[in-house]
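Asker: Structure below; questions to follow.
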Amino acid sequence: MTKNHGPSIKNDEKYEALLKEGMSKQKAARIANDPNSGKKGGKAEKYDERSKKELYDKAKEVGIEGRSKMSKDGLIRALRNS
């Protein structure tokens with residue numbers, strides 16, 4: 001049976017599997033909480049095509065620290081590396 005990781009993790013089973021693969025807790029949580037993760041198709045808008053506000057909101061959702069002081073390029077780098 002999968003452990004309940006509380007309300008901050010939406011898909012406990014996927015979260016645990018990602019941790020076993022060696023992902024960090026932050027990255028595993030981000031993927032497990034994204035309802036579109038695991039779906040194929042590449043329909044997401046590219047980071048370069050998003051506004052700074054959209055990137056900031058995504059960085060906030062993911063939990064990137066220091067995002068308020070980042071430029072658009074900084075937000076893109078942080079999102080790609082998280």
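No lab work stands behind these numbers, since they all come straight from the coordinates. No experiment lies behind these values; they were computed from the predicted model shown. Heads up, the Cβs are rebuilt from the backbone with ideal geometry, glycines too, and the neighbour counts pull from every protein chain shown.
Asker: How long is the gain from Lys69 to Asp57 if the chain were fully straight, where each residue apart is worth 0.36 nm and the alpha carbon distance is subtracted? Don't jump to the answer; show the numbers that get you there.
Answerer: On the way: separation 12, 0.36 × 12 = 4.32 nm, distance 1.33 nm.
My answer for the length gained is 3.0 nm.
Asker: So which trypsin sites (Lys or Arg not before Pro) in the stretch 44-82 end up in coil per DSSP with only 12 or fewer other C-beta atoms within 10 Å? Intermediate values should be presented prior to the final figure.
Answerer: Working: sites: Lys46, Arg50, Lys52, Lys53, Lys58, Lys60, Arg67, Lys69, Lys72, Arg77, Arg80; in loops: Lys46, Arg50.
Hits after loop and neighbour filter: Lys46.
Asker: Another question, if that's okay. Could you calculate the FRET efficiency of Ala44 with Glu21 from 1/(1 + (r/R0)^6), where r is the beta carbon distance between them and R0 is 30 Å, rounded to 0.05?
Answerer: Computed FRET efficiency for Ala44 and Glu21 comes out at 0.90.
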